[in-house]
Every structure is written in C-alpha cells, then in structure tokens.
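Worksheet: the structure to be examined is printed underneath.
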Amino acid sequence: MNDPSKMKHDCSNQKECLQLLQAILDGEATQAQKEHFMKEHLDSCMPCYQNYHLEVAIRDLLKKKCTREAPQELIESIKKQIQQNLRA
C-alpha cells in the first residue's frame with residue numbers, strides 16, 4: 001500500500017468498484033480486471049482499500065463461524081448494508 005496520506009479519500013465510482021470487488025472475491029472477474037483493481041486502484045483509493053479489507057474480513061468471519069456455506073439471505077443483507085454505507 002502507498003502512503004495513506006497520498007491516497008484519495010473519495011471514490012467517484014464507489015458503486016462500480018464495490019461490484020468489481022465482489023466479482024473479484026467471488027472469482028468472477030477477469031484476470032485483467034483483478035490485476036488492474038488490486039495493483040493500481042487499491043493503492044490510490046482509500047475508500048476502496050477499506051472496502052476490500054472489510055469485505056475480506058466479513059467473508060473470513062463467515063467462513064470461520066459457519067460450518068457450511070453462509071445463508072444467501074445473510075450474504076445479501078451484509079452486501080446491502082455495505083452498499084448503504086457507501087451511499088452515506
């Protein structure tokens with residue numbers, strides 16, 4: 001990660017970035033999309049950097065706490081709350 005003080009603190013494409021981030025973590029993004037987002041965008045965009053780590057932490061927690069796959073409605077509820085927080 002670059003120096004946090006030099007990262008932008010507002011993302012003009014937050015909704016699209018969140019969708020791409022989820023596609024990356026779900027294994028649905030192309031390798032080119034993943035490389036660009038992970039190597040270039042996350043190093044310069046603090047909101048997306050934070051969202052990435054939040055999403056990874058949530059997924060890791062769900063994996064640890066659920067002995068089987070997380071209920072889809074729980075996943076959707078968490079995603080909805082994240083999206084609402086992005087709009088705030």
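Answer yes if at least one residue in segment 51-61 is basic (K, R), on the phi < 0 side of the Ramachandran plot and at pLDDT below 80, and no otherwise.
No, there is no match, as no residue in segment 51-61 is basic (K, R), on the phi < 0 side of the Ramachandran plot and at pLDDT below 80.
Identify all residues within segment 9-36 that are modelled with pLDDT of 90 or more, farther than 21 Å from N85 by Cα and not acidic (D, E); write none if there are none.
G27, A29, T30, Q31, A32, Q33, K34
Tell me, yes or no, whether segment 26-37 has at least one residue that is touching a residue at least 12 places away in the same chain (Cβ under 8 Å) and among the β-branched types (V, I, T).
Looking for residues that are touching a residue at least 12 places away in the same chain (Cβ under 8 Å) and among the β-branched types (V, I, T), one finds none in segment 26-37, hence no.
Go through segment 44-88 and give me each residue that's surrounded by 11 or more Cβ atoms within 10 Å (Cβ to Cβ) and farther than 30 Å from M7 by Cα.
K63, C66, A70, P71, L74
When residues of segment 29-77 are filtered for being touching a Lys or Arg at 6+ places or on another chain (Cβ under 7 Å) and of a type in the set (G, A, S), how many remain?
Residues meeting the conditions: 1.
Inside segment 11-88, counting only helices (runs of 4 or more DSSP H) that do not spill past its ends, which hold 1 or more residues that are of a type in the set (A, V, I, L, M) and in contact with a His (Cβ under 8 Å, 6 or more places away or on another chain)?
Answer list for segment 11-88: 46-65.
The values are calculated or read from the model by the stated rules, or taken from the named source; none is laboratory data. Fair warning: this is a prediction, and the values are worked out from it, not measured in the lab. Using ideal geometry, Cβ is built from the backbone for each residue, glycine included, and neighbour counts are taken over all protein chains shown.
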